[in-house]
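Student: Mind having a look at this structure? Questions to follow.
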Amino acid sequence: MSAYRDQHFLTDPRAVDRIASILELSERRVLEIGPGRGVLTRALLARGARVIAVEIDVSLVSFLKREFSQAIDSGAFTLVPGDATRVEIPPFEIVVANLPYSASSKITFRLLDIGFEAAVLMYQKEFADRMLADIGTRDCGRLSVMVQTFARASRCFDLPPGAFSPPPAVHSTVIRIEPRHPLFPVENRDIYAEVVKILFAGRRKTIRSIFKNAGSVFGSDRVATLLSALDPAILASRPEELYLEDYATIANALSD
């Protein structure tokens, strides 16, 4: 966990063991983002994982090179210096990481775009609660819609501040994410993402009101066609009142 560079290191050995034991890791290419001092890295390597670690902090990169020099020489550990939101990442199959909290959203969306088999990710508890919020309720938002459209997400367990050094001011939650095909077909993933983004930027407005001002994004003719074709009940709703099928319906109409 971090403010990206201001890291709080996971130190509770029981928590480390639980996180590293959720998925079968032997001989799998496992991406770890923000390895810090390598506590979780050691647990992943001990389970036979071939770890690809992305670390932004230059001093920690130097530390990790020294600490895992043998694993680097054997090919079991690959260290990628840089920002996980933009650096090129070698191919991987699984993700196990204590994410930097300030970049959690960007990293999560990027991972979903890249694709993976399964992930075990630690988030700030409030962020995790938003991710898991039921669609169609006041608690749902862009994050919950995008994640739940393209993946199954479930809570594994929560962790108190005392599991970290120094202790943060928040509780943390470990989430398991498994990508899946959308329950309702999405014709154009980029348009779908843009629709969800625009809708929740104006979440207090109705769908009709939001799209009346979206001509510059999707084209005036396309928006006019959408507004004439959508169910009046959808047009009168607010974004948080829609269901996954409704988001797909809107995005697919704009994709035609």
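Readers should treat all values here as calculations from the given coordinates under stated rules, not as data from a laboratory. Keep in mind that what you see is a predicted model, and the values were worked out from it rather than measured. Cβ placement follows ideal geometry from the backbone for every residue including glycine, while neighbour counts extend to all protein chains displayed.
Student: Could you work out [θ]222 nm for the chain from helices alone, using -39500 (n - 2.57) per DSSP H run of at least four and dividing by all its residues? Round to the nearest 500 deg cm²/dmol.
Tutor: It lands at -11500 deg cm²/dmol.
Student: Rounding to the nearest 10 and keeping the result within 0 to 90°, find how far the Cα-based axis of helix 58-67 lies from the longest principal axis of the chain.
Tutor: 50
Student: Ranked highest first by the average count of other Cβ atoms within 10 Å around their residues, in what order do 96-107, 179-190, 206-217 fall?
Tutor: 96-107, 206-217, 179-190
Student: GNM on the chain, C-alpha springs below 10 Å: top fluctuator among Gly34, Gly162, Gly219?
Tutor: Maximum fluctuation in the GNM of the chain, among the listed residues, is at Gly219.
Student: Here's something else I'd like to know. Over what distance in Å are the Cα centres of region 28-48 and region 177-199 separated?
Tutor: The two parts, judged by their Cα centres, are 30 Å apart.
Student: From the residues Val80, Phe116, Leu64, which one has its Cα farthest along the dipole of the chain in the positive direction, the dipole being from +1 and -1 charges on Cβ of Lys/Arg and Asp/Glu about the Cα centre?
Tutor: Among Val80, Phe116, Leu64, the one farthest towards the positive end of the dipole of the chain is Leu64.
Student: Let's test the formula: R0 of 22 Å, r as the Cβ-Cβ distance of Glu88 and Arg189. What FRET efficiency results, to the nearest 0.05?
Tutor: Working from the Cβ atoms, E equals 0.55.
Student: Enumerate the calculated ³J(HN,Hα) couplings along region 156-172 in order (Karplus 6.51 cos²θ - 1.76 cosθ + 1.60, θ = phi - 60°), each rounded to whole Hz, writing x wherever the residue is Gly or Pro.
Tutor: Each residue of region 156-172 in turn: 8, 6, 9, 10, x, x, x, 7, 10, 9, x, x, x, 8, 10, 7, 10 Hz.
Student: Distance in nm between label sites at Lys197 and Ala76, each 7 Å beyond Cα in the beta-carbon direction?
Tutor: Going by the 7 Å Cα→Cβ label model, 4.1 nm.
Student: Separate question: Can you tell me, using C-alpha contacts under 8 Å and at least 6 residues apart, the relative contact order of the chain as a whole percent?
Tutor: Relative contact order comes out at 17 percent.
Student: Of the DSSP beta bridges with both residues in the chain, give the percent that are antiparallel, rounding to the nearest 5.
Tutor: Percentage antiparallel, nearest 5: 50.
Student: If a/c stays under 1.5 just call it rounded; otherwise compare a/b with b/c (prolate if a/b is bigger, oblate if not). Do that for region 1-94, with a ≥ b ≥ c from the square roots of the Cα gyration tensor eigenvalues.
Tutor: Since a/c stays below 1.5, the shape of region 1-94 is classed as rounded.
Student: Could you give the angle, 0 to 90 degrees to the nearest 10, between helix 220-229's Cα long axis and the longest principal axis of the Cα atoms of the chain?
Tutor: 80
Student: Where does the charge balance sit around Gly48 when Lys and Arg score +1, Asp and Glu -1, over other residues with C-beta under 10 Å from its C-beta?
Tutor: Summing Lys/Arg as +1 and Asp/Glu as -1 gives +1.
Student: Any idea what diffusion coefficient region 189-255 gets from Stokes-Einstein, in µm²/s, Kirkwood Rh on alpha carbon pairs, 4 °C, 1.567 mPa s?
Tutor: Values: Rh = 11.5 Å.
Here the translational diffusion coefficient equals 113 µm²/s.
Student: As I understand it, the value is the acute angle between the Cα axis of helix 104-114 and the longest principal axis of the Cα atoms of the chain; what does it come to in degrees, rounded to 10?
Tutor: So the helix axis and the longest Cα principal axis differ by about 80 degrees.
Student: Taking the Cβ of each residue in Thr249, Thr11, Thr137 as the centre, tally the other Cβ atoms inside 10 Å and list the residues starting with the fewest.
Tutor: Numbers: Thr249 18, Thr11 15, Thr137 10.
Lowest count first: Thr137, Thr11, Thr249.
Student: For region 89-197, what is the percent of antiparallel DSSP beta bridges, rounded to the nearest 5?
Tutor: 75
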